[in-house]
Amino acid sequence: MSFLNIDHVSKTYGAGAQATLALDTVSIKADLGEFICLLGLSGCGKSTLLQIISGLEEPSTGQVLVGDEPIHGKTHPSASVVFQDHGLFPWMDVTANVAFNLKARGVGRAERTRKALDYIQMVGLSGFEKKYPHQLSGGMRQRVGIARALSTGPKLLLMDEPFGALDAQTRTTMQNELLRLWERLTATVVFVTHGIDEAVMLADRVVVMSPRPGRVRQIFDINLPRPRDPTSPEFMALVREMLVAIHDDMRLLNMP
Amino acid sequence: MAKSSIIGLVPLVVLVLIWQVAHQSGIYSTALFPSPAEVYAVFVDEFGDLARHAQASIGRVVMGVSVAFVLAVPAGLLIGRFPALDLLFDWSIQIFRSFPVIALIPLAILFFGIGERPAIVLITVAAFWPLLISTIFGVKSVDRTLLKVAKASGASERLVLTDILLPSALPAILTGLRLALGSGWLTVVAAEMMAVKSGLGYLIMYAQVIFRPDLIFSGILIIGGIGLLFDQIVRQARALLCRWQDGLVASS
Ligand SMILES: Nc1ncnc2c1ncn2[C@@H]1O[C@H](COP(=O)(O)OP(=O)(O)O)[C@@H](O)[C@H]1O
Ligand SMILES: [Mg+2]
């Protein structure tokens, strides 16, 4: 039995003439410790799927199981979410932001502060414990978001384009950091991206989705050893294959 | 702050000069229109009396606005958070908030007689609406992503209120407090003219009866000064409590 089981999930937004079929019978399975990327053009339902996995949205039909437990409008206790616009509380310093998920779980003050400081160090933000989000760079903010997500020891880490707002160089750094952290954990990662390079760089498996309605188009296993070299022929070959799959969708959408 | 208050004094100084010139030119009977020096003399000679009346007015405003704060902020947090409550109270709020409180003074006197109580009740009513509406607005404009963060973390409804909605709405609540102190201060003066026998409003009415225009002028000046002081205190509190807003919004 897989750790994460997305079982015939469909999602319709709205009703009647305005109804949008955002996801059409999507089924994906992932083992504990697997790194999955959801890749696709904008509008193919990646965020919708991630929100359903995280319990922030309900599927219209089908279900998501985490460790055999169905998710119903409530986040699984062993899941954590990292948001694209980092979702930090501007009135809390770095320590309080990282400690928030622990506080929400009823962890006492001393314990959660101690843990928060550990994770702040782990993401390389020692010295910034008392800073506020507006005093940090984009990359540092997302490190705080990641530290907060990791602080509860999640077995399922859900990330929606977490590095989408960062410049290319910071993004590469953050990708390497994320892999370094993930290798120390036993956690399944579901990582949404529209960057083919990013998906091939990170994932054990890339789920390519297609839009209107959102469907799983093709699944690629990436068996390249890490760290991966984006200039290697194997890497380039995979990128090309995925590009072809996505290019077909672009024709479908009348994009050049 | 220091620089802006010095610049802010310029028009006031000009006004006093114009006042002096107008007084000397004799366009108006000097018996009715005192000079700046005469009004200054009132401040010196009758300082004790003025202070006593000012203290009575300030006490009422602080009391009334505090009661309004304690009632309006929790109510606003709940109404802003739960759409069902919002729907339930929306019309009522729209109707009652545009009520001029001064129109309620006769009713307050009928219900509570002459004294402390009608004045404080009226101030509470006047301060309640701006606080309530600002709090609701503050809660509704919370960043949606932060609510998702809370939901994904499994935070209780109580933690959402105390750790997310309250701090997020705090700038709006303090704006509401500024407005509340402003309308509370207007109301106390009006209420004291009719419903109480102390305070700056009473002092001004009494000064008219005993034909003391200099006393009326000094009362008006104190009212303006204290209004300014209230406003500055809340602004400073806001700057202090909402430092996290630096870089998010331009400071006002
Ligand atoms: N809350 C919503 N209400 C209505 N339609 C939505 C909502 N969220 C997403 N959609 C629609 O569902 C489809 C998939 O959107 P989304 O999951 O955001 O895609 P992606 O993240 O891949 O860009 C889009 O057509 C989008 O317009
Ligand atoms: Mg998206």
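The values are calculated or read from the model by the stated rules, or taken from the named source; none is laboratory data. Quick caveat, the model's predicted, so the values are computed rather than measured. Backbone-built Cβ (ideal geometry, glycine too); neighbour counts: all protein chains shown. The protein model used for the area step is the full one, side chains on, heavy atoms only, and it has no ligands, DNA or RNA in it. Shrake-Rupley method; radii C 1.70, N 1.55, O 1.52, S 1.80 Å.
Odds and ends about this structure:
- For the stretch A:212-235, the criterion of being buried (at least 19 other Cβ atoms within 10 Å of the Cβ), within 14 Å of another protein chain (Cβ to nearest Cβ) and more than 16 Å from ligand 2 (Cβ to nearest atom) is satisfied by no residue at all.
- When B:195, B:172, B:237 are checked against the criterion of being within 14 Å of chain A (Cβ to nearest Cβ) and either without any contact (Cβ under 8 Å) to a residue 40 or more places away in the chain or over 15 Å from residue A:90 (Cβ atoms) (or both), a single residue qualifies: B:172.
- Index of the failed condition, residue A:95 passing every other in (1) assigned to a helix (DSSP H, G or I); (2) facing chain B (nearest Cβ under 8 Å); (3) within 16 Å of residue A:136 (Cα to Cα): (2)
- Candidates B:237, B:191, B:207, B:195: the one that is closer than 17 Å to residue B:172 by Cα and among the aliphatic types (A, V, I, L, M) is B:237.
- Test: residue in the stretch B:120-131 that is open to solvent by 60 Å² or more (accessible area, probe 1.4 Å) and either modelled with pLDDT of 90 or more or not in a helix (DSSP H, G or I) (or both): no
- Test: residue A:103 is away from ligand 1 (no atom under 15 Å from the Cβ), in a loop (DSSP other than H, G, I, E, B), on the phi < 0 side of the Ramachandran plot and among the charged types (D, E, K, R): no
- Long-range neighbours under 9 Å by Cβ, at least six apart or interchain, first residue at pLDDT 85 or above within the stretch B:12-30, second acidic (Asp, Glu): B:23/B:38
- Members of the stretch B:135-156 found to be of a type in the set (Gly, Ala, Ser), open to solvent by less than 20 Å² (accessible area, probe 1.4 Å) and more than 12 Å from chain A (Cβ to nearest Cβ), listed by number: B:138
- Subset tally (residues that are loosely packed, with under 13 Cβ neighbours inside 10 Å, among the polar types (S, T, N, Q) and within 14 Å of ligand 1 (Cβ to nearest atom)) for the stretch A:12-31: 1
- For the stretch A:36-51, the criterion of a residue being surrounded by 17 or more Cβ atoms within 10 Å (Cβ to Cβ), farther than 20 Å from residue A:212 by Cα and away from ligand 1 (no atom under 12 Å from the Cβ) is satisfied by at least one position.
- Any hit, the stretch A:173-189, residues being at pLDDT 95 or above, in a strand (DSSP E or B) and touching a helix residue (DSSP H, G or I) at 6+ places or on another chain (Cβ under 8 Å): yes
- Filtered residues of the stretch A:146-165 (kept if within 16 Å of ligand 2 (Cβ to nearest atom) and of a type in the set (A, V, I, L, M, F, W, C)): A:158, A:159, A:163, A:165
- Flag for residue B:162 being assigned to a helix (DSSP H, G or I), within 8 Å of another protein chain (Cβ to nearest Cβ) and surrounded by fewer than 21 Cβ atoms within 10 Å (Cβ to Cβ): no
- Boolean, residue A:159 is within 13 Å of chain B (Cβ to nearest Cβ), over 13 Å from residue A:88 (Cα atoms) and open to solvent by less than 30 Å² (accessible area, probe 1.4 Å): yes
- Qualifying positions in the stretch A:77-91 - facing another protein chain (nearest Cβ under 8 Å), at negative phi and part of a loop (DSSP other than H, G, I, E, B): A:77, A:83, A:85, A:89, A:90, A:91
- Filter result (of a type in the set (A, V, I, L, M) and within 14 Å of another protein chain (Cβ to nearest Cβ)) within the stretch A:123-139: A:136
- Boolean, residue B:117 is within 14 Å of chain A (Cβ to nearest Cβ) and at pLDDT below 95: no
- Failed criterion for residue B:215 (all others in (1) surrounded by 21 or more Cβ atoms within 10 Å (Cβ to Cβ); (2) under 30 Å from residue A:152 (Cα atoms) hold): (2)
- Filter pass, residue A:226 being away from ligand 1 (no atom under 16 Å from the Cβ) and in a helix (DSSP H, G or I): no
- Residue B:51 being at pLDDT 90 or above, closer than 14 Å to residue B:217 by Cβ and open to solvent by less than 90 Å² (accessible area, probe 1.4 Å): no
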